[in-house]
Amino acid sequence: GESVGLHLPTLSVQEGDNSIINCAYSNSASDYFIWYKQESGKGPQFIIDIRSNMDKRQGQRVTVLLNKTVKHLSLQIAATQPGDSAVYFCARYIPTFGRGTSLIVHP
Amino acid sequence: GAVVSQHPSRVICKSGTSVKIECRSLDFQATTMFWYRQFPKQSLMLMATSNEGSKATYEQGVEKDKFLINHASLTLSTLTVTSAHPEDSSFYICSASAESSYNEQFFGPGTRLTVL
């Protein structure tokens, strides 16, 4: 069946460093992936998405990479800031959410 | 951007009572709404998908008679937790998508339910 999972539950970085959050998927039929950010006690916020006909997509300070060969995608956050501290989920539409990675940014 | 609201944001109830949670799309027509449950330090689990004017589709393991979903209009869906028990305490989140942008989901802020 479909599963979307994350490699690490927690990622700690220093302010200004680049962060990389990884996600693996098992169903090759997935054609659309989304990264969400969830702050404590709030609903998920859309960050960036990518379709399977793309390998890379860039937004403001964020980049998503999709490797269909190994069924892996990653979210890269440049110059991480304390405001980036949150739980990050990868999901596919219709959303199956991964376990989540808690990003902790130390000032 | 599209805004989805939920009401109430927090609710505390006694065991055995029913609780209704509302999910509204404020500035767009939501043809599809989704309901999720999230336990502490866990991911979001899809409970059901509802399309306006039709019965909700529940995920495996979700009791439809316990979690009643009504999507009576293009801007409102309600989730009623019937005969709530402490194990139903959770963070309930809805999301909505419009027919014109089916792949985009807009999430509500969530409702924290505590059953005593």
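The values are calculated or read from the model by the stated rules, or taken from the named source; none is laboratory data. Just so it is clear, the structure is predicted and the values come from calculations on it, not from any experiment. Neighbour counts are summed over all protein chains in view; Cβ atoms, including those assigned to glycine, are modelled from backbone coordinates with ideal geometry. When the accessible area is computed, the model is the full protein with side chains, heavy atoms only, and any ligands, DNA or RNA have been set aside. Shrake-Rupley method; radii C 1.70, N 1.55, O 1.52, S 1.80 Å.
B:Arg10 fulfils the conditions (1) out of contact with any helix residue (DSSP H, G or I) (no Cβ under 9 Å at 6 or more places or on another chain); (2) open to solvent by less than 60 Å² (accessible area, probe 1.4 Å); (3) within 12 Å of chain A (Cβ to nearest Cβ) except for a single criterion, (2).
Just one of the listed residues (B:Phe39, B:Phe28) is aromatic (Phe, Trp, Tyr), open to solvent by 30 Å² or more (accessible area, probe 1.4 Å) and either farther than 14 Å from B:Phe106 by Cα or within 14 Å of chain A (Cβ to nearest Cβ) (or both), and it is B:Phe39.
Among the residues making up the stretch A:84-107, those that are open to solvent by less than 50 Å² (accessible area, probe 1.4 Å) and more than 9 Å from chain B (Cβ to nearest Cβ) are A:Asp84, A:Ser85, A:Ala86, A:Tyr88, A:Cys90, A:Arg92, A:Thr101, A:Leu103, A:Val105. Do you know which of the residues in the stretch A:30-75 that are within 12 Å of chain B (Cβ to nearest Cβ) and aromatic (Phe, Trp, Tyr) is farthest from B:Ile93 (Cα to Cα)? Step by step, filter the stretch A:30-75, then rank; the result is A:Tyr32. Pairs linking a residue in the stretch B:51-77 that is β-branched (Val, Ile, Thr) and open to solvent by 50 Å² or more (accessible area, probe 1.4 Å) to a residue that is outside any loop (DSSP other than H, G, I, E, B) and at pLDDT 90 or above, with Cβ atoms under 8 Å and 6 or more positions apart or on different chains, are B:Thr57/B:Ala48; B:Thr57/B:Thr49; B:Thr57/B:Ser50; B:Thr75/B:Arg24; B:Thr75/B:Ser25.
Could you tell me whether the stretch B:21-30 includes any residue that is farther than 24 Å from A:Cys90 by Cβ and among the basic types (Lys, Arg)? Yes, the stretch B:21-30 contains a residue that is farther than 24 Å from A:Cys90 by Cβ and among the basic types (Lys, Arg). Of the residues making up the stretch A:41-54, none is under 21 Å from A:Ser12 (Cβ atoms), open to solvent by less than 50 Å² (accessible area, probe 1.4 Å) and in contact (Cβ under 8 Å) with a residue 60 or more places away in the chain.
If you check B:Thr78 against the conditions, is it of a type outside the set (A, V, I, L, M, F, W, C) and either farther than 27 Å from A:Phe33 by Cα or within 9 Å of chain A (Cβ to nearest Cβ) (or both)? Yes, satisfied. Does B:Lys20 satisfy the criteria of being in contact with a strand residue (DSSP E or B) (Cβ under 6 Å, 6 or more places away or on another chain), in contact (Cβ under 8 Å) with a residue 24 or more places away in the chain, more than 14 Å from chain A (Cβ to nearest Cβ) and over 29 Å from A:Cys23 (Cα atoms)? Considered against the rule, which asks whether it is in contact with a strand residue (DSSP E or B) (Cβ under 6 Å, 6 or more places away or on another chain), in contact (Cβ under 8 Å) with a residue 24 or more places away in the chain, more than 14 Å from chain A (Cβ to nearest Cβ) and over 29 Å from A:Cys23 (Cα atoms), B:Lys20 comes out as yes.
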